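Engineer: First, the structure itself, so that you have it in front of you.
Any read-out appearing in this document is the output of simple, stated calculations on the displayed coordinates, not a laboratory observation. As the structure is a prediction and not an experimental result, all values here were calculated from the model. Note that each Cβ is placed from the backbone with ideal geometry, even for glycine, and that neighbours are counted across all protein chains shown.
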């Protein structure tokens, strides 16, 4: 593990200190969390355009389903060729 040192102006430090106190943690833990979050790969949220494209695909696929009955599905024991415990 590496130790790092950086400088903050007094106003910023006092705001961070109050935030840490409010969150029941330390300034060091807040800094660590912020650095981990900043260096993590993005969670790749889907753009509005991509979301709409996928929604349209889902709607088209759903329209093609003419009949569905869950009661006619294969029992799990048959599907895996084994008995459940």
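Engineer: Any residue at all in region 57-64 that's without any contact (Cβ under 8 Å) to a residue 24 or more places away in the chain and either in contact with a helix residue (DSSP H, G or I) (Cβ under 9 Å, 6 or more places away or on another chain) or part of a loop (DSSP other than H, G, I, E, B) (or both)?
Structural biologist: No, because not a single residue in region 57-64 is without any contact (Cβ under 8 Å) to a residue 24 or more places away in the chain and either in contact with a helix residue (DSSP H, G or I) (Cβ under 9 Å, 6 or more places away or on another chain) or part of a loop (DSSP other than H, G, I, E, B) (or both).
Engineer: Also: Would you please list the contacts, defined by Cβ atoms under 9 Å and residues six or more apart or on different chains, that run from a residue in region 28-42 that is closer than 14 Å to residue 8 by Cβ to a residue that is surrounded by 10 or more Cβ atoms within 10 Å (Cβ to Cβ)?
Structural biologist: So the pair list comes out as 28/20; 30/16; 30/19; 30/20; 30/23; 31/16.
Engineer: In this structure, does residue 19 turn out to be in contact with a helix residue (DSSP H, G or I) (Cβ under 8 Å, 6 or more places away or on another chain), surrounded by 10 or more Cβ atoms within 10 Å (Cβ to Cβ) and either outside any helix (DSSP H, G or I) or without any contact (Cβ under 8 Å) to a residue 60 or more places away in the chain (or both)?
Structural biologist: Against the criterion (in contact with a helix residue (DSSP H, G or I) (Cβ under 8 Å, 6 or more places away or on another chain), surrounded by 10 or more Cβ atoms within 10 Å (Cβ to Cβ) and either outside any helix (DSSP H, G or I) or without any contact (Cβ under 8 Å) to a residue 60 or more places away in the chain (or both)), residue 19 qualifies.
Engineer: Which residues, counting only those in region 36-57, are farther than 30 Å from residue 4 by Cβ and either surrounded by 10 or more Cβ atoms within 10 Å (Cβ to Cβ) or under 19 Å from the mean Cα position of the chain (by Cα) (or both)?
Structural biologist: 46, 47, 48, 50, 51, 52, 53, 54, 55, 56, 57
Engineer: Which one of these does residue 14 not meet: (1) loosely packed, with under 10 Cβ neighbours inside 10 Å; (2) in a helix (DSSP H, G or I)?
Structural biologist: (1)
Engineer: Test residue 25 against the criterion of being at negative phi and assigned to a loop (DSSP other than H, G, I, E, B), and give yes or no.
Structural biologist: Yes: the conditions hold for residue 25.
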